1. Assess whether A:ASN60 counts as being facing chain B (nearest Cβ under 9 Å), open to solvent by 30 Å² or more (accessible area, probe 1.4 Å) and under 24 Å from B:VAL62 (Cα atoms).
2. Taking the stated definitions as given, is C:THR113 within 14 Å of another protein chain (Cβ to nearest Cβ) and open to solvent by less than 40 Å² (accessible area, probe 1.4 Å)?
3. With the condition kept exactly as written, say whether any residue in the range C:245-257 is surrounded by 17 or more Cβ atoms within 10 Å (Cβ to Cβ) and within 11 Å of the chain's Cα centre (by Cα).
4. Out of the residues in the range C:61-80 that are within 20 Å of the chain's Cα centre (by Cα) and open to solvent by 20 Å² or more (accessible area, probe 1.4 Å), which is farthest from the other protein chains (Cβ to nearest Cβ)?
5. Taking C:ALA157 and the conditions (1) surrounded by 21 or more Cβ atoms within 10 Å (Cβ to Cβ); (2) of a type in the set (Gly, Ala, Ser); (3) at positive phi, which numbered condition does it fall short on, given that it satisfies the others?
6. C:GLN217: in contact with a Lys or Arg (Cβ under 6 Å, 6 or more places away or on another chain) and crowded, with 21+ Cβ neighbours inside 10 Å, yes or no?
7. Determine which single condition C:LEU145 fails, assuming it passes every other condition in (1) assigned by TED's automatic domain parsing to the domain that holds C:GLU91; (2) outside any helix (DSSP H, G or I); (3) surrounded by fewer than 19 Cβ atoms within 10 Å (Cβ to Cβ).
8. Conditions first: (1) touching a residue at least 12 places away in the same chain (Cβ under 8 Å); (2) away from every other protein chain (no Cβ under 13 Å); (3) surrounded by fewer than 21 Cβ atoms within 10 Å (Cβ to Cβ); (4) not in a strand (DSSP E or B). A:ILE34 passes all but one, so which condition is the exception?
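The values are calculated or read from the model by the stated rules, or taken from the named source; none is laboratory data. A quick note: this is a predicted structure, and the numbers were derived from the prediction, not measured. As a convention, Cβ positions derive from the backbone with ideal geometry for all residues, glycine included, and neighbour counts pool all protein chains shown. Please note that ligands, DNA and RNA were not included when accessible areas were found on the heavy atoms of the full protein model with its side chains. Shrake-Rupley method; radii C 1.70, N 1.55, O 1.52, S 1.80 Å.
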Amino acid sequence: MKIDRRGLLAVGGSLACTTLVPFKAIASETDEAIAKFTGGANIGTGGITLTTPEIAENGNTVPISVESGKASSIILLALGNPNPNVATINFGPLSGSRMTSTRIRLRKTQEVVAIAKLEDGSFTKDVKTVKVTIGGCGG
Amino acid sequence: MAKGVKPRIKVPKQASAGDMITIKTLISHKMETGLRKDSDGNKIPRSIINRFTCDFNGENVVDVGLDPAISVNPYFQFNAIVPESGEFKFTWYDDDGSVYEKAKKITVT
Amino acid sequence: MSFFNKIFVGSVLLILGFSTVSLADESAKLVVEGQPMITRVKAPSHMENVDEIRSGWTFRIKETQSLQMDDFENPGMIFVDKGLDLWNKVEGSKNKACASCHDDASEFKGLRTVMPRWNESANALWSLEDHVNNCRTEQMGAEPLKWGAAPMDSLIAVISLQSRGMPMNVKIDGAVAPLWEIGKELFYTRVGQLDMACSNCHEDNYGIMIRADHLSQGQINGFPAYRLKNAKLNSIHARFKGCMKNIRATPYKVGGDEFRALELYVASRGNGLSSEAPSVRN
């Protein structure tokens, strides 16, 4: 898989436009993680659903789930964390519907991104904002 | 081997051939991110479960790569198709080289 | 509460950043593994200022609430598993485990709901922790477990789980009456740099937000509780200690007389709510 500068810019640009988040500091890491997964291919939308709470009571344990009917693999990224990588899920021949639920850590209010690689080799993504509260007592 | 690691899994005892079943897995693990410092200001080294796999009769169901952003006591729920009776095998890989395994049989009618 | 007190608390709360936005699903019903829990009930008659008591579960957002509804989803159950290992572990000079005498923890069904209570032979108010340590030192010849540490909290979770769903029913008269009065006094006494009592948050202002936290009634019917904040079980006294630190007070000693009396009083404020341990809280 060849990764060129133009491809990376296109991915970064399209993501920035749709997410409207100033993730400059880790943009390169995010771009890198995405490029590693997609090889610089275009990323579409639709056919993938990322479910997150709108507001997380505590950033230590944020329940999320992702489903994409024809995915062969999915990566999860948290753009406001010190490192954007969260998990990579590869679906084997005996996986049922292509879904998974897990619990993740979010350092602050941020965008969570799921990108699926579909069986036909194309890519699609979903983005959700999760507000992470910092409690008065919870500390 | 990290301390206090204990895997838990939930798989139905039986299913019909070709059924899609729900599997829940959880392993108690501190998932130390490698970003924290101790009281002396020294970095606490990263210590996480970095990979989790589920196979059924030798065929793969899911293969997950985990990063430090996965919460303490990593939890995964997913689905599997069961073509025949057999055994699920669950494997968790620790940064320190430890491998934790658990198996569960299912009867397909 | 006097008018002046209302104004005073109001201003403290404003400084702390209170608002009235609520994230909780307050009308949700808690059913754990098919068993319905009493999360709202008429307040016990000794409570003068509250009509209805509510489990802390009713103040949490729906994602946190759902973690407690299925034992596999509930991270507190990991510690029950660890507690069961400890239950079966032979320790001490007499070569015994808990299981040597109490083969099945289910014989303690109901115990959580009446604790703390007066122990005649010890001539003292006993919490569950005292039962555990008395068995360890007297029956097993083992070292006592540290109050509020993980092994103790895990064992308490095993014992408490046996009473899940049963209503709290702590006795407040007889020998414990004077201690209950001390606990009540502590609940209403302002302490610390913020000069606040338990009651300022958990009686006068439950249901509103303190910055991003939704204030509960401070009920302890779900303890030991798994908190998302520290990802472990938390004992009743450890939670009291946390609250006292939050109001910039010097905490009383975990396992000390003040917290024992406060545990009795606060437990009695929950009489009628189901025991939920191990619950899931923020």
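1. Details: facing chain B (nearest Cβ under 9 Å): yes; open to solvent by 30 Å² or more (accessible area, probe 1.4 Å): yes; under 24 Å from B:VAL62 (Cα atoms): no.
So A:ASN60 does not fit the description; no.
2. The answer is no for C:THR113.
3. No, that holds for no residue.
4. Keep residues of the range C:61-80 that are within 20 Å of the chain's Cα centre (by Cα), which gives C:61, C:64-69, C:71, C:74-80.
Imposing the further condition that a residue be open to solvent by 20 Å² or more (accessible area, probe 1.4 Å) reduces the set to C:66, C:69, C:71, C:79.
Details: C:SER66: 8, C:MET69: 13, C:ASP71: 9, C:PHE79: 8 Å.
Restricting to residues being within 20 Å of the chain's Cα centre (by Cα) and open to solvent by 20 Å² or more (accessible area, probe 1.4 Å), the top hit is C:MET69.
5. Here C:ALA157 clears every test but (3).
6. Details: in contact with a Lys or Arg (Cβ under 6 Å, 6 or more places away or on another chain): yes; crowded, with 21+ Cβ neighbours inside 10 Å: yes.
So C:GLN217 passes the test.
7. Checking C:LEU145 against (1) assigned by TED's automatic domain parsing to the domain that holds C:GLU91; (2) outside any helix (DSSP H, G or I); (3) surrounded by fewer than 19 Cβ atoms within 10 Å (Cβ to Cβ), the one that fails is (3).
8. A:ILE34 satisfies all of (1) touching a residue at least 12 places away in the same chain (Cβ under 8 Å); (2) away from every other protein chain (no Cβ under 13 Å); (3) surrounded by fewer than 21 Cβ atoms within 10 Å (Cβ to Cβ); (4) not in a strand (DSSP E or B) except (3).
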